[in-house]
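Below: one structure, written as structure tokens.
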Amino acid sequence: MVNEGVPDCITWKGDLNVVYTARSGYAWLLNNNMLDLHTDSWSWIWKLKVPQKLNFFLWLVCHSAIPTNVLRFQRHCAGSDICSRCGIASETVLHCLRDCNKARVIWLKLDLEDKKWFWEDVNVTHWIQNGVRALDRVFVTMAWWIWRARCSKSIVNQSMTTAEVLHSASLMHDNIQHCFGGTLGNGNQVKWVSWTPPLTDNVVLNVDGSALGNLGLAGYGGLIRDRDGK
Ligand SMILES: [Zn+2]
């Protein structure tokens, strides 16, 4: 309904006061172009477009409810809270999924070495949210398979190599992309660009080439690597 006598004016829908501020603009951009990661609700986890077992896994992680040795020790289900993979630190959630050497070498394959936000965050939920924002489904599938590898070693004493974890995460990522499409939320798609090693003792030859224009100077090269990337 139009009120006669009230002049038209420009308003900003991103704030209840309808006045634009840099803060409300930033919040609006986050909510519209990326995932809606409100910390006062866990609904953002359940809205992520992934198989439900991954939603549930992230929910457990954010609630420090995955059965790490710290949790098992607190509940008198284990004789020690020490990480059974490295044996040098308490197995907290962040140690298990990020800081343990066994996990660290896997994340480093994603060129995260100098990313302070990734390595220095001590809040599990913030770490998960930032990982999801920055790496989309790559983050979720990597975290899932790092946990799977941990359980495989701790429960049935079967070790997975770094190559096997990466290969499994890559396959899961591609399957989810195929089935769910798009991204976790509404943001730009993050492509998996890491090298996938062979699972067997075979070697893989990767080649690439380029040319400076049609019939110009051209070059090509190749690299043969085994399952350990050597
Ligand atoms: Zn460890």
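Read the figures in this text as sums done on the coordinates, not as results from a lab. Predicted model, so just to flag it, every value in this text is computed and none were measured. In this analysis, Cβ positions are derived from the backbone assuming ideal geometry, glycine residues included, and neighbour counts consider all displayed protein chains.
Determine the gain in length on full extension of the stretch ALA211-LYS53; use 0.36 nm per residue of separation and subtract their C-alpha separation, reporting nm with one decimal.
Here the segment from ALA211 to LYS53 would lengthen by 52.3 nm.
Looking at region 49-140, which GluC sites (Glu not before Pro) are DSSP coil and have at most 16 other C-beta atoms within 10 Å of their C-beta?
On the way: sites: GLU91, GLU113, GLU120; in loops: GLU91, GLU113, GLU120.
Counting only loop positions with at most 16 other Cβ atoms within 10 Å, the GluC sites (Glu not before Pro) in region 49-140 are GLU113, GLU120.
Residue-wise, which Karplus ³J(HN,Hα) couplings in Hz belong to region 115-129, taking 6.51 cos²θ - 1.76 cosθ + 1.60, θ = phi - 60°, and x for glycine or proline?
Per-residue couplings from phi come out as 8, 4, 4, 7, 8, 9, 5, 9, 9, 4, 4, 4, 4, 5, 4 Hz.
Using the basic label-point model (7 angstrom from Cα toward the beta carbon), what is the ALA89 to VAL203 distance in nanometres?
3.6 nm
With respect to the cross-link table entries LYS53/LYS115; LYS53/LYS153; LYS47/LYS116, which display a Cα-Cα separation exceeding 22 Å? Intermediate results must be reported in sequence, preceding the final value.
Details: LYS53/LYS115 28 Å; LYS53/LYS153 20 Å; LYS47/LYS116 27 Å.
Too far apart for the 22 Å limit: LYS53/LYS115; LYS47/LYS116.
Can you tell which of ALA211, ALA134, ALA163 shows the greatest fluctuation in a Gaussian network model of the chain with Cα springs below 10 Å?
Checking each option, the largest mean-square fluctuation is seen for ALA211.
Which ordering of CYS83, CYS96 is given by a fewest-first count of other beta-carbon atoms within 10 Å?
Ranking CYS83, CYS96 by Cβ neighbours within 10 Å, fewest first, gives CYS83, CYS96.
Give me, ordered by chain and number, the residues 5 or more places off SER90 or on other chains with an amide H under 5 Å from its own placed amide H.
Those lying under 5 Å, H to H, from SER90 are CYS83.
Give me the extension gain from VAL18 to ARG104: residue separation times 0.36 nm, minus the current Cα-Cα distance, reported in nm with one decimal.
Values: separation 86, 0.36 × 86 = 30.96 nm, distance 4.56 nm.
Stretched fully, the VAL18-ARG104 segment lengthens by 26.4 nm.
Among VAL132, GLY221, ASN69, whose Cα projects farthest towards the positive end of the dipole of the chain, with charges put on the beta-carbon of Lys, Arg (+1) and Asp, Glu (-1)?
Final value for the positive-end residue is ASN69.
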